[in-house]
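Read the structure below first, then the notes.
The values are calculated or read from the model by the stated rules, or taken from the named source; none is laboratory data. Here the structure is a predicted model, which means the values were calculated and not measured. Counting neighbours? That spans all protein chains shown, and the Cβs are built from the backbone with ideal geometry, glycine included.
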């Protein structure tokens, strides 16, 4: 509503004159004083406005004239709403009020130095995301992903719903999400856009052990405190051990990645619980950890479409991780350790004898990483980095009768050195070299040179 | 990118739900009172024109709401500038309070709309801006520590405060008195 200052003053005096007689003269005087103060403020503003009109329109720019005064208790005079203002930022595309579209993508080139014939270029992923708000407390958020350029029955590509959930804020500091949500473990899973991580491809620990992008159907609460503590707890679906294929290498590449369900007709007999806690009370520092646990047998022996002889209905997955990140000045350091265990696999693995990939009892991984924003100009930046990872997707197996057990896999250790060149904060070109201590051509492990392009909007 | 096929669907959704998801932590008036409890009045100042916005490297249409905080004696105590910057894909509404010299008194997040990155509301992070002046603006990108998981919100809000500091130097400093 527009309030002309003179009008306000007149209204104030009319209101004063029209007020019913008051028994308390002191209160009346106080009210008069308050109105006088407001009128004085109005006069001040009008005078300033007149002076600036005379003087032109602002000292350096010739721009601004002072608007009418808004004294305490009087609604703001009309002004334009603050407009999108991040100069070179790349906003999501507004599709009408309440709906926003965004996206990211990643293209990679991998050149194994010892097997140059295996060099490969790939449109690794293209993602479109959207959010639509229903009201000031409820919205739906989704991401749809295409992997490897083409998705069809004859091609290697996939089309996936990467996340799709409804979020409802219960209070400014906490709320609830329900749907297909990202499991908030580690540093990468929830923040997996190519501009967010160093190196052409995501680190091995948070793909082989924490199977990014890991999502489950769940209902989860989230919140934060002013002291810098943020939390997330949820209950939802979990992996399905009944899907384990001992003849495949998938379980060796990523135990959980091979049995995740991604809410695709997910067997949901056994709920899983997860929770994370992060503390960011000191600027630049993040300390946190998380836990995911649940039975993953999914009643396979009792399901109508299951295997009546499945011996691991009670198998339980427990995966935990701790992480730290310290970003100070041009430096960015990170470290993460994660360890997982699957119980009650002895009988299951006995049935897998002779197969190449039994179910591990334990698996783990860790990395340390350092990056340095060495050069910055305009909105570009060159950020060299180095990362050391160690991980083992089958560090141990449940005991078997003598002579029948499988040997644990060797621990893979990978050095990655390279650089992210940010053309701007939303477009990145990447280069790196990776050194593996064990080659595995099936899993694609071997010294290699990588190039990549990533973007987000 | 071809997204025209989505526009009709978006328009339909917008038509039935013209709302904006936003968690409001402070109103403008609350931010005014928090920054300048001793002020007797908050006098709106017209938004910068296009030439000023261009000089400050702001996009066309940039229209921060500017208030001069006045004491009982009508002296300018400082300024409160309410602005918006992009977080990741949604806008963040924030208020920067400057003292009469143009040094940052406080930065408050008024409304936040992103699913992630709300950690920028933490007082410890926002306190990093306290005392910064226009002469510090260029170095803010390095001086203000990032929050993991809220990189874009941190970067864009820092850029917003940089622009506000330059705005003071460019437009408001001469008005103090």
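Values for this structure:
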| read-out | value |
| --- | --- |
| Residue A:427 under 30 Å from residue A:378 (Cα atoms) and surrounded by fewer than 18 Cβ atoms within 10 Å (Cβ to Cβ) | no |
| Output for region B:57-88, where each listed residue is surrounded by 23 or more Cβ atoms within 10 Å (Cβ to Cβ), out of contact with any strand residue (DSSP E or B) (no Cβ under 6 Å at 6 or more places or on another chain) and more than 8 Å from every other protein chain (Cβ to nearest Cβ) | B:87 |
| Of all residues in region B:119-133 being in contact with a helix residue (DSSP H, G or I) (Cβ under 9 Å, 6 or more places away or on another chain) and surrounded by 20 or more Cβ atoms within 10 Å (Cβ to Cβ), the one that is farthest from residue A:193 (Cα to Cα) | B:132 |
| Selected residue [outside any strand (DSSP E or B) and touching a helix residue (DSSP H, G or I) at 6+ places or on another chain (Cβ under 8 Å)] from B:51, B:74, B:68, B:47 | B:74 |
| Count of region A:430-454 residues which are touching a residue at least 40 places away in the same chain (Cβ under 8 Å) and in a loop (DSSP other than H, G, I, E, B) | 7 |
| Residue that is farthest from residue A:244 (Cα to Cα), among those in region A:278-310 that are in a strand (DSSP E or B) and within 14 Å of another protein chain (Cβ to nearest Cβ) | A:285 |
| Subset of region B:89-103 [under 12 Å from the mean Cα position of the chain (by Cα) and under 16 Å from residue B:135 (Cα atoms)] | B:98 |
| Failed condition for residue B:148, given (1) farther than 30 Å from residue A:137 by Cβ; (2) at the interface with chain A (Cβ under 10 Å from one of its Cβ atoms) | (1) |
| Complete set of residues in region A:172-191 that are touching a residue at least 40 places away in the same chain (Cβ under 8 Å) and more than 20 Å from residue A:146 (Cβ to Cβ) | A:173, A:174, A:175, A:176, A:177, A:178, A:181, A:183, A:184, A:185, A:186, A:187 |
| Members of region A:311-346 that are farther than 18 Å from residue A:237 by Cβ, out of contact with any strand residue (DSSP E or B) (no Cβ under 8 Å at 6 or more places or on another chain) and assigned to a loop (DSSP other than H, G, I, E, B) | A:311, A:329, A:345 |
| Some residue of region A:173-183 being surrounded by 18 or more Cβ atoms within 10 Å (Cβ to Cβ) and either in a loop (DSSP other than H, G, I, E, B) or outside the structural domain of residue A:130 (by TED's automatic domain parsing) (or both) | yes |
| Residue within region A:406-429 that is under 21 Å from residue A:256 (Cα atoms), in the same structural domain as residue A:116 (by TED's automatic domain parsing), in a strand (DSSP E or B) and touching a residue at least 60 places away in the same chain (Cβ under 8 Å) present | yes |
| Single condition residue B:116 does not satisfy, out of (1) in a helix (DSSP H, G or I); (2) at the interface with another protein chain (Cβ under 9 Å from one of its Cβ atoms); (3) in contact (Cβ under 8 Å) with a residue 12 or more places away in the chain; (4) surrounded by fewer than 22 Cβ atoms within 10 Å (Cβ to Cβ) | (1) |
| Test result for residue A:127, out of contact with any helix residue (DSSP H, G or I) (no Cβ under 8 Å at 6 or more places or on another chain) and either part of a strand (DSSP E or B) or within 10 Å of chain B (Cβ to nearest Cβ) (or both) | yes |
| Conditions (1) surrounded by 15 or more Cβ atoms within 10 Å (Cβ to Cβ); (2) away from chain B (no Cβ under 14 Å); (3) touching a residue at least 60 places away in the same chain (Cβ under 8 Å): number failed by residue A:325 | (2) |
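Yes/no matrix, rows are residues, columns are (1) touching a residue at least 12 places away in the same chain (Cβ under 8 Å); (2) within 21 Å of residue A:346 (Cα to Cα):
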site	(1), (2)
A:242	yes, yes
A:245	yes, yes
A:256	yes, yes
A:274	yes, no
A:294	yes, yes
A:304	no, no
A:311	yes, yes
